[in-house]
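What follows is a short report on a single structure.
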Amino acid sequence: MFRVSATGAVEELMVCIADLEVAGAEERGSTAEFWFLREDEARLCAARLSGARVERVEDRNWNAAWQDEWQPALVGARWFLTLPGYAGETPRGRLRQDMHRGTAFGNGDHATTRLCLAAMESLARPGRRFLDLGCGSGLLLEAAAALGATPVGCDLDHAALPSSGHCYAGSIDAIRPGSLDCLVANIQLGVLLDLMDGIGEALAPGGCAILSGILASQKEEARTLWSGPRWDTISIEVCDGWLAACLIRR
């Protein structure tokens, strides 16, 4: 296993390496540590982070460490996030959503995922046509189905697609214009800026877009996502230094 150490906050540095296969991340004072199974990925990470260094270290079982430390959590007004196999009862009025074992962003515990889940409660309603743009492991697709929406997911990484459910390898340009009622995109800001025209085309008038993967410190830069004539803003929420915007298509 390989550790990359750099000065800065994990959340801010993670934006620079979100496309890499990070096995784990920790923050120790002013230093962020990222763990990789592959040396080439670690070297790519270090090349992107100023002053970073790479070390070979003893293997670490991140799934075991995560499961030992993590407890079920209430998210938003309706969700109960649990580890797979949790034997306890789901609180009354809550929907159980199992987290996924995966990378730092893939397991469902990240603030951006929680922001998306909370926003979906009122927007991914029964009968609505829902797309998870960049669906990864499919956790938000599962949540949309639990809320009664008709979910479809897509991801550029064919290997990342869930083995079940309605998913395709590709992006927003494969969606028929005006065919969606709701969409979630938990992707870094630079990608969202490139996709906004396609998102606007795919949503029907009155359709909703949930956009996350944005650092709170990027709010001014992100304002162009919702400042155009095509969009009205429903809400902008912040959690643990990350931001999610809910928009409605005019």
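Regarding Q97, is this residue among the polar types (S, T, N, Q), more than 22 Å from A18 (Cα to Cα) and touching a strand residue (DSSP E or B) at 6+ places or on another chain (Cβ under 6 Å)?
yes
Could we say that D197 is in the same structural domain as L115 (by TED's automatic domain parsing), surrounded by fewer than 21 Cβ atoms within 10 Å (Cβ to Cβ), under 21 Å from G153 (Cβ atoms) and not small (G, A, S) here?
Yes.
Residues that are out of contact with any Gly (no Cβ under 8 Å at 6 or more places or on another chain) and under 26 Å from R230 (Cβ atoms), at least 2 per element: which strands (runs of 3 or more DSSP E) completely within segment 104-206 meet that?
Ranges flagged: 129-133.
Picking from I214, I210, I236, I248, which residue would you name as being within 21 Å of L117 (Cα to Cα), part of a strand (DSSP E or B) and modelled with pLDDT under 95?
I214
Give just the number: which of (1) in contact with a Ser or Thr (Cβ under 7 Å, 6 or more places away or on another chain); (2) at pLDDT 95 or above; (3) among the small types (G, A, S) does A118 not satisfy?
(1)
Output the number of the condition that G178 fails; it satisfies all remaining conditions of (1) over 19 Å from A18 (Cβ atoms); (2) free of Cβ contacts under 8 Å to residues at least 24 places away in the same chain.
(2)
Among the residues of segment 11-31 satisfying the criterion of being under 22 Å from G136 (Cβ atoms) and without any contact (Cβ under 8 Å) to a residue 60 or more places away in the chain, which is surrounded by the most Cβ atoms within 10 Å (Cβ to Cβ)?
Among those residues, the one meeting the criterion is I17.
With (1) surrounded by 13 or more Cβ atoms within 10 Å (Cβ to Cβ); (2) in contact (Cβ under 8 Å) with a residue 60 or more places away in the chain as the list, and D240 as the residue in question, which single condition is left unmet?
(1)
Could you list, in sequence order, the residues of segment 46-73 that are at pLDDT 90 or above and among the β-branched types (V, I, T)?
The one that is at pLDDT 90 or above and among the β-branched types (V, I, T): V54.
The values are calculated or read from the model by the stated rules, or taken from the named source; none is laboratory data. Predicted model, so just to flag it, every value in this text is computed and none were measured. Positions of Cβ are generated from backbone atoms using ideal geometry, with glycine treated the same way; all protein chains shown enter the neighbour counts.
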